[in-house]
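See structure below.
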Amino acid sequence: MTQSHNLGFPRIGEKRELKRSIEKYWKGLIGLAELRELAKDIRQNNFKKQAALGINIIPTGDFSYYDQTLDMSLLLGLIPPRFRALLEKSTPEDAVFTLARGASGVAACEMTKWFNTNYHYIVPEFDDVENFKLSGSKIFDETKEALALGLDAKPVLLGPLSYLHLGKYYLGENSHARKLTLLPSLLKAYVSILEKLDSMGLTWIQIDEPIFALDLEQVQKTAFVKTYVQLKAALKKSKLLVATYFNKLGDNKDTFLSLAADGLHLDASDPHSFSEVIALSRELPKEKTLSVGIVNGRNIWINDLSASQSLLQEVKENHGENLLIAPSCSLLHAPITLRHEAALEANLKSVMAFAEEKLSEVVLLSSALNGQDISSEKQANAAILEARAKDPSLHLSAVQDRLAALREKDFKRNSSFTTRRALQQKKMKLPLFPSTTVGSFPQTKEIRIARAKFRRKELSQQDYQNFLKKEIAHVIGKQEEVGLDVLVHGESERNDMVEYFADKLHGYRFTKNGWVQSYGTRCVKPPIIYGDVQRKFPMTVSWAEYAQSLTKKPVKGMLTAAVTMLQWSFVREDQTNKQTAFQIALALQDEVLDLEKSGIAVIQLDEPAIREGLPLRKSEWHDYLDWAVKSFLLSSSQVKDETQIQTHMCYSYFNDILDSIIALDADVILIESSRSKMKLLQPLGQINYPADIGPGVYDIHSPRVPSKEEIKQLLKKAIATIDKHKLWITPDCGLKTRSWDEAFSSLKNLQLAANELREEYA
Ligand code: GLN
Ligand code: ZN
């Protein structure tokens with residue numbers, strides 16, 4: 001009999017109960033006992049729910065108060081030295097919160113993106129590791145809970161080689177070779193964990209090695225083979241399942257196949273990987289279990305049952321009965337249930353599947369392998385997919401025609417940067433070291449209240465508009481008071497830089513409860529790109545115009561660029577991301593040209609997520625960067641030479657994509673760099689970055705107000721590597737999370753620094 005299993009269920013709770021309770025606990029509104037009670041409820045619910053849906057083998061250890069990589073660090077006894085004294089007497093929960101959030105005078109652990117998802121994990125820190133040692137009991141306790149419910153519980157652990165890969169040495173080199181010196185001690189700890197789990201009478205234990213999705217170095221491949229011989233030897237009763245996901249195996253296939261495991265799980269959710277899945281089903285010895293991750297665990301679309309069933313049939317012909325059926329990866333990356341989406345239009349809802357619906361698909365496909373007739377389900381599924389493909393509201397011929405008509409000139413500005421710069425300078429007459437900001441100003445409580453009231457219809461359109469106008473006037477006034485050179489309207493009308501635009505464009509949809517964990521208690525509700533994207537009406541022009549009417553200084557038009565719009569949404573799968581990005585880019589081009597027409601001289605297109613979109617394998621980078629750059633150019637290049645295009649990037653390390661950043665051909669780039677102490681400037685200077693640069697000199701993530709001297713120091717560092725005529729002065733990112741006091745004082749210091757430097761360098 002083929003069985004179904006799952007790799008992880010979202011832990012945030014159907015109504016984000018976990019988030020709410022943890023935040024209450026942080027504020028001291030509830031105690032630890034109450035928090036533990038709620039956590040237990042969520043786990044029990046999730047266990048029972050999965051079993052009720054028909055899943056045979058239920059994952060454990062997927063619950064977390066913050067992040068499962070951090071849980072793994074704690075299970076291995078890895079606590080960075082700066083926390084050791086602090087955490088000596090703390091409860092496991094408080095240890096998690098302290099490591100993740102820091103304490104007074106002790107910096108939090110770093111957080112970074114989990115592969116190419118929008119989930120963030122806490123980076124293990126390897127400096128000064130003494131020994132890894134089995135510590136704590138979380139995974140064992142949670143597995144016992146599932147066993148007590150009479151379930152076939154399967155603990156899921158992050159594997160040792162992925163753990164090393166994802167962790168980091170902050171001091172000295174951070175190479176794989178160096179990290180691998182930790183392996184012997186790490187393996188001892190893993191062996192103790194496995195032995196303990198083995199004694200619990202479990203059928204399966206799963207170890208995730210998602211780094212099979214990446215380019216592996218030879219030292220890593222070699223280590224894999226030896227490591228799994230050791231891990232397997234620790235198990236006397238339970239079987240070992242090794243899982244990979246998020247990509248094809250590619251060059252890593254032989255290494256994966258050679259692992260000493262009783263079963264292998266792979267991502268079979270992308271039709272492009274089908275041929276590899278079939279090859280594997282032939283090569284894998286029949287006594288080993290093949291777990292087929294047939295349902296995409298990280299999108300929101302229904303499965304193509306007919307395509308999946310034929311793949312599974314072929315796999316079964318090759319490999320025999322020894323199969324498991326599952327989602328491709330943990331469902332952590334999907335919203336929980338469609339049950340609460342009463343307001344979704346029927347045709348959209350019919351093509352969507354969240355975590356619960358995905359598990360039903362898994363169960364159905366697995367029962368088909370066991371001989372159940374699913375032809376009526378398949379028929380219904382095919383009808384829905386066909387209706388979607390033909391949905392007239394999805395396909396806009398005007399958009400299709402425009403895409404088909406694109407020529408080289410649509411991606412190219414009229415003149416070179418040098419020519420443009422002279423014309424822009426003639427028009428705006430900016431001083432040396434022009435000062436500006438990245439866009440948003442403090443999102444005060446009053447703004448949020450007004451927005452909520454407007455949404456609930458307690459505030460009329462007119463009153464809300466007037467409120468926002470007052471806000472804009474205030475923001476313009478403050479910037480004039482500081483003396484900034486290029487002003488912004490402050491973005492008070494925006495709740496979120498993607499949602500604001502998505503809400504106004506054709507082709508986007510929203511859910512009520514489609515929350516996905518981003519990090520810790522932070523959840524996001526990504527918009528859904530359902531159909532062709534087109535601009536329906538100007539989205540920002542009236543705000544920019546109004547702001548400009550209040551001042552003689554130039555006010556920037558502010559837009560979120562195409563790749564970021566794409567990257568922070570759930571995307572279509574019936575066309576390439578390149579096509580979707582180009583559609584968004586054209587909609588933005590309309591906005592850019594309208595802003596220009598209404599007299600806006602500077603337009604900023606934010607692209608903070610450009611690097612996040614990089615494919616997992618380097619061989620695919622070129623193609624991605626090519627269309628990412630083109631979509632920026634498609635939005636921005638059709639303006640007059642006199643119109644200045646700015647861009648902004650943050651959250652990332654950019655040194656390896658500098659060529660592409662140059663290719664954006666923006667007139668000014670405002671780029672996060674204060675936290676890295678301007679490390680970015682060296683390479684930008686080296687490649688002789690052609691356009692103007694504003695390296696952020698105020699870390700807006702911190703409540704601290706930087707002093708004038710400090711800002712001057714940073715700028716002098718910049719002047720040492722970059723032509724002073726190209727330098728702008730700006731904060732690191734938007735000021736939306738800061739208080740007015742902090743923002744205003746910081747900007748004043750920033751402007752004072754600019755003024756003094758102007759005199760010094762005139
Ligand atoms: N213009 C946006 C803001 O200032 C940019 C935000 C971002 O880079 N994430 O808020
Ligand atoms: Zn930013």
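The values are calculated or read from the model by the stated rules, or taken from the named source; none is laboratory data. No experiment lies behind these values; they were computed from the predicted model shown. Cβ placement follows ideal geometry from the backbone for every residue including glycine, while neighbour counts extend to all protein chains displayed. Accessible surface areas use protein heavy atoms only, side chains included; no ligands, DNA or RNA. Shrake-Rupley method; radii C 1.70, N 1.55, O 1.52, S 1.80 Å.
Among the trypsin sites (Lys or Arg not before Pro) in region 139-248, those located in a DSSP loop and surrounded by at most 14 other Cβ atoms within 10 Å of their own Cβ are 236, 237.
In the chain, a dipole from Cβ-located charges (positive for Lys and Arg, negative for Asp and Glu) runs towards its positive end, and of 625, 444, 680 it is 444 whose Cα lies farthest in that direction.
Ligands, DNA and RNA excluded, the heavy atoms of residue 109 present near 10 Å² of accessible surface to a 1.4 Å solvent probe. Since only 265, 289, 302 are under comparison, the one whose Cα sits farthest along the positive direction of the charge dipole of region 264-307, derived from C-beta charges on Lys, Arg, Asp and Glu, is 289. Counting every C-alpha pair in the chain, the share spaced more than 33 angstrom apart comes to 55%. Given R0 = 45 Å, the distance between the Cβ atoms of residue 148 and residue 512 translates into a calculated FRET efficiency of 0.85.
A straight chain from residue 101 to residue 458 at 0.36 nm per residue would run longer than the Cα-Cα distance by 124.8 nm. Scalar couplings 3J(HN,Hα) for region 181-193, obtained by applying the Karplus form with A = 6.51, B = -1.76, C = 1.60 to θ = phi - 60°, are 5, 7, 4, x, 5, 4, 5, 4, 5, 4, 4, 4, 4 Hz; x denotes Gly and Pro.
Relative to the Cα centre, the charge distribution of region 527-636, modelled as +1 at Lys and Arg Cβ and -1 at Asp and Glu Cβ, gives a dipole magnitude of about 300 debye.
Placing unit charges on the Cβ atoms of the charged side chains and taking the dipole of the chain about its Cα centre, the candidate lying farthest along the positive direction among 751, 54, 648 is 751. In the chain, what percentage of the DSSP-assigned beta bridges are antiparallel, given to the nearest 5? Of those bridges, close to 20 percent are antiparallel.
Accessible surface of residue 639, taken over heavy atoms with a 1.4 Å probe and every protein chain present, rounds to 10 Å². Taking 37 °C and 0.692 mPa s as conditions, region 466-610 diffuses translationally at an estimated 202 µm²/s according to Stokes-Einstein applied to its Kirkwood radius (Cα pairs). Between residue 432 and residue 656, the C-beta separation translates, for a Förster distance of 45 Å, into a calculated FRET efficiency of about 0.90. Think of a 1.4 Å ball rolled over the protein heavy atoms: the chain then has 40 Å² of accessible area per residue. Give me the percent of accessible area attributable to carbon and sulfur for the chain, probe 1.4 angstrom. Solvent-exposed carbon and sulfur of the chain make up 52 percent of the total. Using the Cβ of residue 259 as centre and a radius below 12 Å, the other residues enclosed give a net charge of +2, where K and R count +1 and D and E count -1.
Looking at this model, which pairs from 349/556; 618/717; 15/630; 49/578; 469/597; 19/221 are more than 30 angstrom apart at the alpha-carbon?
Long pairs (Cα-Cα over 30 Å): 349/556; 618/717; 15/630; 49/578; 19/221.
Give me the angle, in degrees from 0 to 90, between the Cα long axis of helix 92-101 and the longest principal axis of the Cα atoms of the chain, rounded to the nearest 10. The angle comes out at about 30 degrees.
The C-alpha atoms of the chain define a longest principal axis, and helix 138-148 lies at about 50 degrees to it. Based on the Kirkwood approach, the hydrodynamic radius assigned to region 620-669 is 11.7 Å, with every pair of different Cα atoms included. What's the local net charge at residue 406, with K and R +1, D and E -1, over the other residues with C-beta under 13 Å away? Summing Lys and Arg as +1 and Asp and Glu as -1 gives +3. Under 5 Å from the amide H of residue 530 lie the amide H atoms of 508, 509, each residue being 5 or more positions distant or on a separate chain, with H modelled from the backbone and absent for Pro and chain starts.
The listed residues 265, 120, 725, 701, once ranked by accessible area (1.4 Å probe) with the largest placed first, stand as 725, 701, 120, 265. Annotation: amide H-H contacts under 5 Å for residue 673 (H modelled 1.01 Å from N, sequence separation of 5 or more, or interchain): 696.
Evaluated with a Cβ-only charge set (Lys, Arg +1; Asp, Glu -1), the chain carries a dipole of roughly 1300 debye about its Cα centre, given to the nearest 20. For residue 272, the shell of other residues with beta-carbons less than 12 Å away shows a net charge of -4, using +1 for Lys and Arg and -1 for Asp and Glu.
Once all protein chains are placed together, residue 36 keeps about 100 Å² accessible to a 1.4 angstrom probe.
Estimated at 0.36 nm per residue, the fully extended path between residue 386 and residue 640 surpasses their Cα-Cα distance by 87.0 nm.
Among the trypsin sites (Lys or Arg not before Pro) in region 288-340, those placed in a DSSP loop whose Cβ has at most 11 other Cβ atoms within 10 Å are 339.
Mind giving me the FRET efficiency for residue 401 and residue 16? R0 is 51 Å, r the Cβ-Cβ distance, nearest 0.05 is fine. Display every interim value, and only then the final one.
Values: r = 43 Å, r/R0 = 0.84.
Between residue 401 and residue 16 the formula returns 0.75.
The alpha-carbon of residue 748 sits under 19 angstrom from the alpha-carbons of these lysines, leaving out residues fewer than 8 places away in its chain: 478, 553, 708, 712, 716, 736. Karplus-derived 3J(HN,Hα) values for region 215-227, using 6.51 cos²θ - 1.76 cosθ + 1.60 with θ = phi - 60°, are 6, 9, 7, 4, 4, 6, 4, 4, 4, 4, 4, 5, 4 Hz; glycine and proline are entered as x.
What shape does region 587-725 have by the C-alpha gyration tensor, where a ≥ b ≥ c are the square roots of the eigenvalues, rounded means a/c under 1.5, and otherwise prolate means a/b greater than b/c and oblate the rest? It comes out oblate by the Cα gyration axes. Between residue 34 and residue 612, the contour length at 0.36 nm per residue exceeds the Cα-Cα span by 204.3 nm. 3J(HN,Hα) along region 51-64: 5, 5, 6, x, 6, 7, 10, 10, x, 10, x, 7, 6, 7 Hz, from the Karplus curve 6.51 cos²θ - 1.76 cosθ + 1.60 with θ = phi - 60°, whole Hz, x for Gly and Pro. Summarising the amide proton neighbourhood of residue 604: residues at separation of 5 or more, or on other chains, whose placed amide H is nearer than 5 Å comprise 557, 558, 559, 646. Over all orientations, region 1-98 has a Cα convex hull whose mean projected area works out to 7.5 square nanometres.
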